[in-house]
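Enquirer: Below is one structure. I have some questions about it.
What follows is calculated from the coordinates using simple rules that are stated; it is not laboratory data. This structure is a prediction, so every number in the text was calculated from the model and none was measured. Quick reminder, even Gly has a Cβ in these numbers, built from the backbone with ideal geometry, and neighbours come from all protein chains shown.
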Amino acid sequence: MRLRLITRLLLTAAATAALTLAGPAAPASASGLDAPPAGANDWSCKPDRDHPEPVVLVNGTFKLMRENWAVLSPVLKRSGYCVFAFNYGHAATRPIADSAAELRDFVAAVRAATGAAKVDIVGHSQGGMMPRYYVKFLGGAAQVDDLVGIVPSNHGTANPLALAAGVLLCPSCLDQRTGSDLLSRLNAGPEAPAGPDYTVITTRYDEVVIPYTSAFLSGPADRVTNAVLQDRCPLDLFMHDQATKDPNVAQWVLDALGRQGPADPGFQPRCLSLG
């Protein structure tokens, strides 16, 4: 497991360097690495009464939108949502504060195109934590209705590979270490500031965010739900990297987006996946 993670970090660091040398990302309509996942980035989409907030998907570290959201994006689209995704921070490796500013600007573009007052955000790993910086420090509290974090790094990770990755051109990896200055600032005071509703979905088999309980947020029950996949589906073996492709996760996401408040803490998915 450790060797696999080290290999992944080395490969993704090389990819990050290539992205950096390539310069700014191509337009959203581009093909290849920068292409959106199926179902995302129809800029003519208008939210309806049953799905009033467009959904913004936020990648995890070293991830690009096309792969990260290949499964969940079309699920959300088929469920009636306007779905948007973007690549940011050179494969999400730039400092968290810089990436949060990119998210702020992307949300503004989505709101302008759709006419929506607010958006829902669904994020994976860093993408579930970084939007909290936007909410807390960059005005996002008034722009976000739901924030759903899939295995988010809300309190960082004790995984020593985060430091190794940080040396390999990944400032956001350093920001995501347990006890980092960034996370100390983010988690000071209320962890779930008023404005959005917060849902955290995590797995006991998370090998990246260690311990998996560091994903949890504190806050009032009417605004924060922390869900562990195996509490409802004991045979779900999904780990960190592929959690966005877990059909049980998709059910939790749809529950969170489809009701007032965060996901129902008593929600029971159909347990379709064995990992």
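Enquirer: Is segment 138-269 best put as rounded, prolate or oblate by its Cα gyration tensor, with a ≥ b ≥ c the root eigenvalues, rounded for a/c under 1.5, and otherwise prolate when a/b is larger than b/c, oblate when not?
Expert: Since a/c reaches 1.5 but b/c is at least a/b, the shape of segment 138-269 is classed as oblate.
Enquirer: Something else: Report, ordered by chain and residue number, the lysines lying within cross-link reach of LYS245, taken as a straight Cα distance under 18 Å and ignoring same-chain residues fewer than 8 apart.
Expert: Candidates past the 8-residue exclusion: LYS63, LYS77.
Enquirer: Something else: With 10 angstrom as the radius, rank THR244, THR178 by how many other C-beta atoms surround their C-beta, starting from the fewest.
Expert: THR178, THR244
Enquirer: Report the gain in length on full extension from TYR205 to ASP42: 0.36 nm times residue separation, minus Cα-Cα distance, nm rounded to one decimal.
Expert: 55.2 nm
Enquirer: Using Cβ counts within 10 Å as a stand-in for footprinting exposure, how do CYS45, CYS233 rank, fewest first?
Expert: CYS45, CYS233
Enquirer: If you rank CYS82, CYS271 by fewest surrounding Cβ atoms within 10 Å, what's the result? Before the final figure, lay out each step's value.
Expert: Numbers: CYS82 27, CYS271 15.
Least crowded to most crowded, the residues run CYS271, CYS82.
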